[in-house]
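Notes follow once the structure below has been shown.
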Amino acid sequence: MSAICLDRLVAIMLYSRYNQLVTTGRIQRFCVFVWFFFLTANVLFFAFNFCCLTQPLKEHNFYTFGYKSFDPPQMNIYTIYYTPVEILTICILTVSNPITLVQLYRRHKRKVALRM
């Protein structure tokens, strides 16, 4: 979803160079890289017993989920890895949502109209 929004943003902001920047080969390489990266990360999390890190919390009568605590306490890889990725995705979607894209398109149309 974030990649689609960024693609739309690039199409509007760099309209004249879009076909040079976004090529079929680059898109294919990007897709292969993303699939490989996240598949490898998830396999490693599973192999090192970092998967399933959220669990129902006893102190909230099991009605809410929280991060799993480890014995002995250790670094929680979930909070270091996935939480920043989720926050970054939310930020990207907030910046490049359709309303922003429509505003950028209208601004671009005004600039083109002023040049003529």
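The values are calculated or read from the model by the stated rules, or taken from the named source; none is laboratory data. Quick caveat: nothing in here was measured; it's all calculated off a predicted structure. We place every Cβ from the backbone using ideal geometry, glycine too, and count neighbours over all the protein chains shown. Just the protein is used for accessible areas: all its heavy atoms, side chains included, with ligands, DNA and RNA removed. Shrake-Rupley method; radii C 1.70, N 1.55, O 1.52, S 1.80 Å.
Using R₀ = 25 Å, calculate the FRET efficiency as 1/(1 + (r/R₀)^6) where r is the Cβ-Cβ separation of Val102 and Leu21; round to 0.05.
On the way: r = 22 Å, r/R0 = 0.87.
Computed FRET efficiency for Val102 and Leu21 comes out at 0.70.
Suppose R0 equals 25 Å. What FRET efficiency, 1/(1 + (r/R0)^6) with r the Cβ-Cβ distance, do Met116 and Met13 give to the nearest 0.05?
Calculated transfer efficiency: 0.80.
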Requested in this report: Using a 1.4 Å probe and ignoring any ligands, DNA or RNA, find the accessible area of Ile12 and quote it in Å² to the nearest 10.
Outcome: 40
